[in-house]
């Protein structure tokens, strides 16, 4: 019996060791993926148009010939991670790499490409704060980002063109995918609106698509002056600089995509109060359209463990870079009602995110 207990204990310890190893080294997944993007691998395979043998892939890369022998190891982990798959070539002897749904979303010529978001999240400016999390818990700084860089995220973005540029590109890449779904499945949300202000709308990716689809709606992109600097009004779309904590342009509808999760509860209530003022200032009551994550709202056709982990990743991201967090429905309801709204409606059509309508 003692021998069996020792074997069970050894097995537990070895499993625990593997678990620690796996999480310690999990950064290798994201950095391997970034390497593939930097080497242009998804685009090369895509342009090949059929399963691409390893030898041809290696010879197509801008690398030293002596390094070609290592490409199969990079492709092996990315195939294991689900970014590529192997398929038999017509001769039924050799195999070639093909894209999966995930890597298709990482090709640069894909209008819905998420490559800018990936590259932004893995830029040293945004990875450096993770080294300071323990220190942040022991100091008075508002975020770990502040501990790492000496200033808040938004202040840094205003001072540093590189961060401002890649952050806006990242948000625009996400907006393209979200907009395509929202316009396809949620047209009724915009019905009856004569005007719409996209608060924190960045360079206007989502507002441009809405303005084009609904020409009867006067659309305004409202963001910090340095974000919209140099952007030109066009047709039923205009750009206005300002601070959402001070005032938001009057409108029938307010749109906030991936904005409120950046801020803590007190800050969110202030923003929502300004939204409420904006949609009631014309004498009629409009609505606020929020696109954000609702914790524990997993998509049926996704692996549940992966969905939950992704939500937890984003919650930690908000804690480290900003003052915000991801929220469950009860927390969202508390914000909405605390800001004086009377009702809300949730439409879960965006994977891990949902469309939330708040009514005065």
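Since every read-out is calculated from the coordinates, none of them should be taken as a lab result. Predicted model, so just to flag it, every value in this text is computed and none were measured. Counting neighbours? That spans all protein chains shown, and the Cβs are built from the backbone with ideal geometry, glycine included.
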*Helix 161-185 axis, angle to the chain major axis (alpha carbon atoms, nearest 10°)*: 80 degrees
*asked:* As an exercise, use a Förster radius of 22 Å and the Cβ-Cβ distance of residue 331 and residue 266 to find the FRET efficiency, rounded to the nearest 0.05.
replied: 0.95
*Rank by packing, highest mean first: peptides 229-235, 336-342, with packing defined as the count of other Cβ atoms within 10 Å averaged across residues.*
336-342, 229-235
*According to the square roots a ≥ b ≥ c of the eigenvalues of the Cα gyration tensor, what is the shape class of the range 1-135, taking rounded for a/c under 1.5, prolate for a/b larger than b/c otherwise, and oblate for the remainder?*
oblate
*Compute the relative contact order of the chain as a whole-number percentage, counting only Cα pairs closer than 8 Å that sit 6 or more residues apart in sequence.*
11 percent
*Treat the count of other C-beta atoms within 10 Å as a stand-in for reagent exposure and order 223, 252, 315, 198 from fewest to most.*
315, 252, 223, 198
*For q = 0.15, 0.23, 0.25, 0.32 Å⁻¹, what log10 I(q)/I(0) does the range 185-228 give under the Debye formula with an equal point scatterer on each alpha carbon and no solvent?*
-0.36, -0.75, -0.86, -1.17
*Binned Cα-Cα distances of the range 159-276, short to long, each 10 Å bin given as a whole percent*: 14, 46, 35, 5, 0
*Tilt relative to the chain, helix 304-321 - C-alpha long axis, 0 to 90 degrees, to 10*: 60 degrees
*asked:* If neighbour count is taken as other Cβ atoms inside 10 Å, put 48, 261 in order from fewest to most.
replied: 48, 261
*asked:* Which of the three applies to the range 300-360, rounded, prolate or oblate, going by the alpha-carbon gyration tensor with a ≥ b ≥ c and a/c under 1.5 meaning rounded?
replied: oblate
_Taking a virtual spin label 7 Å from the Cα of residue 50 along the C-beta vector, which residues in the range 96-134 bring their backbone nitrogen under 16 Å of it?_
96-99
*asked:* Out of all DSSP beta bridges in the range 270-360, what portion is antiparallel? Express it as a percent rounded to 5.
replied: 90 percent
*asked:* What translational diffusion coefficient, to the nearest whole µm²/s, does the chain have by Stokes-Einstein, given a Kirkwood radius computed over alpha-carbon pairs, a temperature of 37 °C and 0.692 mPa s viscosity?
replied: 143 µm²/s
*What percent antiparallel are the DSSP beta bridges of the chain, to the nearest 5?*
50 percent
_Between the range 223-251 and the range 310-340, the Cα center-to-center distance that results, in Å_ = 25 Å
*Shape call, the range 85-217: gyration tensor on alpha carbons, a/c limit 1.5*: oblate
*Kindly express, to the nearest 10 degrees and within the range 0 to 90, the angle between helix 265-280's C-alpha long axis and the longest C-alpha principal axis of the chain.*
50 degrees
*asked:* To make sure I understand, if each residue's beta carbon is the centre and we count other beta carbons within 10 Å, what order do 188, 308, 98 fall in, fewest to most?
replied: 188, 308, 98
*Just the C-alpha atoms of the range 225-324: what Rg/Rh do they give, with Rh taken as the Kirkwood radius?*
1.05
*Sorted by mean Cβ packing within 10 Å, highest first, what order do the peptides 8-15, 124-131 take?*
124-131, 8-15
*Rank-order 240-247, 52-59 by packing density, defined as the average count of other C-beta atoms within 10 Å over each peptide's residues, highest first.*
52-59, 240-247
*Express in whole angstrom the spacing between the alpha-carbon centres of the range 88-122 and the range 20-62.*
8 Å
*When the chain is fully extended, how far beyond the present Cα-Cα distance does residue 88 get from residue 108, taking 0.36 nm per residue of separation?*
4.6 nm
